[in-house]
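Data block below; observations after.
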Amino acid sequence: MTRYVVVGGGIIGLAVAHRLRADRPAAQVTVLEKEAGWAAHQTGHNSGVIHAGVYYRPGSLKATLCRAGSASMARFCAEQGLPYEICGKLIVAAEAAELPRLHALHERAVANGLPVTLIGAVEAAEHEPHVAAVAALRVESTGIVDFGAVCRRLAELLAESGAELRLNARVTGIRARPGGLVVSTGAGEVTGDVLVNCAGLHADRIARLAGIDPPARIVPFRGEYYELVPGRRNLVRGLIYPVPDPQFPFLGVHLTRMIDGSVHAGPNAVLATAREGYSWRRFDPRDVWDQASYSGLWALARRHYRYGLTEVTRSLSRKRFAASLARLVPELTEADIVPAGAGVRAQAVRPDGGLVDDFLLVEADRQVHVLNAPSPAATSSFEIARYIVDRLPADSPTR
């Protein structure tokens with residue numbers, strides 16, 4: 001019997017464990033999560049969008065796994081009775097200067113095999129009457145869901161299937177031993193044969209504990225959200241996105257009708273002063289030192305400091321945040337939005353300052369480390385899990 005240890009109780013870790021129980025029912029599966037509940041960080045703080053796969057380079061893991069993952073996510077929600085909706089979205093060119101990027105995005109979406117249509121201003125207004133657009137890309141297969149609810153159901157299914165689920169189990173050490181490994185946690189030791197690291201914001205640190213020298217380092221970017229006051233939710237029917245800047249993995253401040261009927265606005269993207277830094281007040285000296293001593297961050301800052309300053313300004317000014325939204329829906333004003341929390345994106349940055357733009361998995365002897373899995377990882381989670389499990393050894397070593 002092979003013993004699998006999965007580190008991380010977000011949607012990818014739980015999906016990997018679920019796939020292991022489905023494909024290898026004789027195996028022992030243990031999930032370690034340092035928090036007191038599931039989906040406590042990236043998964044539980046995102047915008048709840050089931051992405052179609054428009055933005056990603058054809059042939060990349062993001063493109064292939066997102067397209068398949070959106071269908072897998074919808075299928076799982078339907079089977080489990082979880083609320084979701086395939087509502088489609090608009091990607092909006094608010095001015096003529098954005099049209100070349102919109103057309104390039106259309107070409108990429110077509111290359112990825114997605115159901116998309118370029119439409120003009122009149123047709124865009126039929127979908128979103130209050131939008132400002134010279135043209136737009138209509139993406140039919142985008143949806144919305146509560147990823148936290150998906151995780152809670154996965155945890156229930158895992159418990160029913162006999163998996164061992166350990167909350168409040170922060171990993172403090174990993175050491176090899178003949179025929180396996182020992183994972184030390186604050187709640188005791190776990191022995192296993194195969195390790196899968198899905199630790200998100202701390203994935204590079206877990207990799208180093210396991211003896212891996214990661215090719216990139218996690219740099220945390222906080223994304224702050226507002227939501228529309230109830231009386232102004234009627235201005236947005238579904239999802240409205242700007243045309244993104246292809247230099248960055250961030251999609252720009254957008255408007256999303258959530259599964260509960262509220263409308264969220266955001267996120268921006270500012271460098272966080274802690275890996276779990278959900279506000280400017282959260283400061284972790286170790287995390288800040290890790291960033292300050294990393295050549296990759298300084299190279300990134302030199303290359304994109306103007307973009308960073310713009311994001312910081314928008315973070316500190318609700319008026320500027322509202323102005324970004326008004327480019328999409330001109331009727332929106334500062335009085336129409338209220339703060340709605342924040343999330344932190346675990347973005348891998350290479351030593352030369354390059355942003356890792358695809359999912360990054362590092363394989364070692366009986367180990368897989370997921371070192372870059374920001375958006376659209378939640379959408380893609382079931383297919384990421386399939387991809388990982390297909391690469392894991394199924395045989396139990398001699399002990």
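The values are calculated or read from the model by the stated rules, or taken from the named source; none is laboratory data. Please read these numbers as outputs of a predicted model, since none were measured by experiment. Heads up, the Cβs are rebuilt from the backbone with ideal geometry, glycines too, and the neighbour counts pull from every protein chain shown.
May I ask you to list pairs of residues, at least six apart or on different chains, whose Cβ atoms are under 7 Å apart, with the first in the stretch 168-196 being free of Cβ contacts under 8 Å to residues at least 12 places away in the same chain and the second being of a type outside the set (Val, Ile, Thr) and assigned to a strand (DSSP E or B)?
Matching pairs, first to second residue: Arg175/Leu181; Val182/Arg175; Val182/Glu189.
Taking the criterion of being touching a Lys or Arg at 6+ places or on another chain (Cβ under 8 Å), without any contact (Cβ under 8 Å) to a residue 40 or more places away in the chain and surrounded by fewer than 15 Cβ atoms within 10 Å (Cβ to Cβ), would at least one residue in the stretch 290-310 satisfy it?
No - not one qualifying residue is present in the stretch 290-310.
Give me the strands (runs of 3 or more DSSP E) completely within the stretch 1-117, filtered to those with at least 1 residues that are of a type in the set (Val, Ile, Thr) and under 30 Å from Leu167 (Cα atoms), ordered by residue number. Working first, answer last.
Numbers: elements: 3-7, 28-32, 89-93.
Of the strands (runs of 3 or more DSSP E) lying wholly inside the stretch 1-117, those with at least 1 residues that are of a type in the set (Val, Ile, Thr) and under 30 Å from Leu167 (Cα atoms) span 3-7, 28-32.
Name the residue, out of Arg222, Arg153, Arg170, Arg233, that is over 23 Å from the mean Cα position of the chain (by Cα) and among the charged types (D, E, K, R).
Arg233
I'd like the residue in the stretch 211-262 that is in contact with an Asp or Glu (Cβ under 9 Å, 6 or more places away or on another chain) and assigned to a helix (DSSP H, G or I) and, out of all such residues, is nearest to Val171 (Cα to Cα).
Within the stretch 211-262, the match that is nearest to Val171 (Cα to Cα) is Arg233.
Are any of the residues in the stretch 32-45 surrounded by 22 or more Cβ atoms within 10 Å (Cβ to Cβ), in contact with a Phe, Trp or Tyr (Cβ under 7 Å, 6 or more places away or on another chain) and not aliphatic (A, V, I, L, M)?
Checking the stretch 32-45: at least one residue is surrounded by 22 or more Cβ atoms within 10 Å (Cβ to Cβ), in contact with a Phe, Trp or Tyr (Cβ under 7 Å, 6 or more places away or on another chain) and not aliphatic (A, V, I, L, M).
Take the residues in the stretch 56-100 that are out of contact with any helix residue (DSSP H, G or I) (no Cβ under 7 Å at 6 or more places or on another chain) and among the hydroxyl-bearing types (Ser, Thr, Tyr); name whichever of them is surrounded by the most Cβ atoms within 10 Å (Cβ to Cβ).
Filtering the stretch 56-100 for residues that are out of contact with any helix residue (DSSP H, G or I) (no Cβ under 7 Å at 6 or more places or on another chain) and among the hydroxyl-bearing types (Ser, Thr, Tyr), the one surrounded by the most Cβ atoms within 10 Å (Cβ to Cβ) comes out as Thr64.
Counting just the residues of the stretch 355-374 that are modelled with pLDDT of 95 or more and over 23 Å from Leu20 (Cβ atoms), which one comes out surrounded by the fewest Cβ atoms within 10 Å (Cβ to Cβ)?
The residue in question is Asp358.
Please specify each residue of the stretch 197-220 satisfying the condition of being of a type in the set (D, E, K, R) and without any contact (Cβ under 8 Å) to a residue 40 or more places away in the chain.
Arg205, Arg208, Asp213
Tally up the residues in the stretch 375-393 that are of a type outside the set (Val, Ile, Thr) and buried (at least 24 other Cβ atoms within 10 Å of the Cβ), please.
7
From Ala207, Ala274, Ala265, which residue is surrounded by 18 or more Cβ atoms within 10 Å (Cβ to Cβ) and assigned to a loop (DSSP other than H, G, I, E, B)?
Only one candidate qualifies: Ala274.
What are the residues in the stretch 66-118 that are closer than 24 Å to Arg237 by Cα, without any contact (Cβ under 8 Å) to a residue 24 or more places away in the chain and of a type in the set (A, V, I, L, M, F, W, C), if any?
Ala71, Ala78, Leu118
Any idea which of Pro330, Pro351 is out of contact with any helix residue (DSSP H, G or I) (no Cβ under 9 Å at 6 or more places or on another chain), surrounded by fewer than 17 Cβ atoms within 10 Å (Cβ to Cβ) and either hydroxyl-bearing (Ser, Thr, Tyr) or in a loop (DSSP other than H, G, I, E, B) (or both)?
Numbers: Pro351 fails: out of contact with any helix residue (DSSP H, G or I) (no Cβ under 9 Å at 6 or more places or on another chain).
When all the criteria are applied, what remains is Pro330.
Return the residues of the stretch 237-250 that are crowded, with 21+ Cβ neighbours inside 10 Å and hydrophobic (A, V, I, L, M, F, W, C); say none if nothing qualifies.
Leu239, Ile240, Val243
Yes/no per residue for (1) among the hydrophobic types (A, V, I, L, M, F, W, C); (2) touching a helix residue (DSSP H, G or I) at 6+ places or on another chain (Cβ under 7 Å); (3) within 19 Å of Ile388 (Cβ to Cβ); (4) not in a loop (DSSP other than H, G, I, E, B):
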{"residue": "Ile144", "(1), (2), (3), (4)": "yes, no, no, yes"}
{"residue": "Arg152", "(1), (2), (3), (4)": "no, no, no, yes"}
{"residue": "Asn168", "(1), (2), (3), (4)": "no, no, no, no"}
{"residue": "Glu189", "(1), (2), (3), (4)": "no, no, no, yes"}
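Checking Leu105 against (1) within 21 Å of Val49 (Cα to Cα); (2) surrounded by fewer than 22 Cβ atoms within 10 Å (Cβ to Cβ); (3) not assigned by TED's automatic domain parsing to the domain that holds Glu35, only one condition comes out false. Which one?
For Leu105, the exception is condition (2).
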